[in-house]
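The next block holds one structure in the form of structure tokens; read it before the comments.
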Amino acid sequence: MKAKIYTSTLLPLLLFSLTLIAQNKGSMEITFPVLGNCTVCQDRIESAVNRLIGIQSVSWDPATKVAVVKYLDTVMDAFQIMQAIAFVGHDTEWYPANDSAYNSLIGTCCEYERTNDYTNVQIGYLSLMGIWVSPLTGINSFTKVQTNVFPTAGHGIFHLRSGLASDLPLEAKVFSFNGQLLYSQKVQSGTDQIINIENLTNGQYLLVVSNKEAIVSESKLIKF
């Protein structure tokens, strides 16, 4: 099985679509753009990925700005891989680099030009699973707000805290990965909320928090 996902909201630099190739026994390979300049960047990017569990191989090419990662999808996923790279200072296809980490590159050979446009990427970053958040909710704008969900993998009880200060009511919705709404509840900003999906079957779900004007956050939940 091979599927290509096109992310049209990125600047022309990102000419590569994210490609997944299903391998045997849960082994997956993903190919995606990562911004950087040199072999020092290469070492940083590859080291960040190799620290994750379930990684079988990783390579990043300074010339093409493309990373290829092979991993066990039973213990790792593309979200965590891209986030790990972004955390050490390199913009990925879906996630911008941690600002403090990028700032540490300034003045060195690793200081790359940040050409990615993330204006709308977060609305559709789950295209890897064939799901775009905006069509699911009917909301076409995204307001990124610090929202913590913990744990992200558990037996069905998840805690949610949103930092959004707004008079508009928030709502948390849990979708299946085929787009079916399975759970919803009102959310009060600035307080801990419990998302209880114990009655759902084990698997992966999409948690979307939004108000009437914008999507606040999306998170992947794993129930086991």
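Counting Lys +1, Arg +1, Asp -1, Glu -1, what net charge surrounds F158 among other residues with beta carbon under 14 Å of its beta carbon?
Cβ neighbours under 14 Å give a net charge of +1.
Give me, ordered by chain and number, the residues 5 or more places off I215 or on other chains with an amide H under 5 Å from its own placed amide H.
So I215 has HN proximity to S141, F142, T143.
For every other residue with a beta carbon closer than 10 angstrom to the beta carbon of Q193, add +1 if it is Lys or Arg and -1 if Asp or Glu, then tell me the sum.
So the surrounding residues net to +1.
For G156, list long-range residues whose amide hydrogen, built 1.01 Å from N in the peptide plane, is under 5 Å from its own amide hydrogen.
Answer set, sorted by chain and number: F224.
How far, in nm, would the chain grow between T74 and F150 when pulled straight, counting 0.36 nm per residue and subtracting the alpha carbon separation?
Gain in length upon complete extension: 25.4 nm.
Test of understanding: what is the full-extension gain from E113 to D61, defined as 0.36 nm times their sequence separation minus their Cα-Cα distance?
Once the chain is fully extended between E113 and D61, it gains 17.1 nm.
Using a Förster distance of 30 Å, how high is the FRET efficiency between D99 and S47, based on the Cβ-Cβ distance and rounded to 0.05?
Efficiency computed from Cβ-Cβ geometry: 0.90.
Just so you know, all these numbers are worked out from the coordinates, no wet-lab data involved. The structure presented is a predicted model; accordingly, all values stated were derived computationally and were not measured. Positions of Cβ are generated from backbone atoms using ideal geometry, with glycine treated the same way; all protein chains shown enter the neighbour counts.
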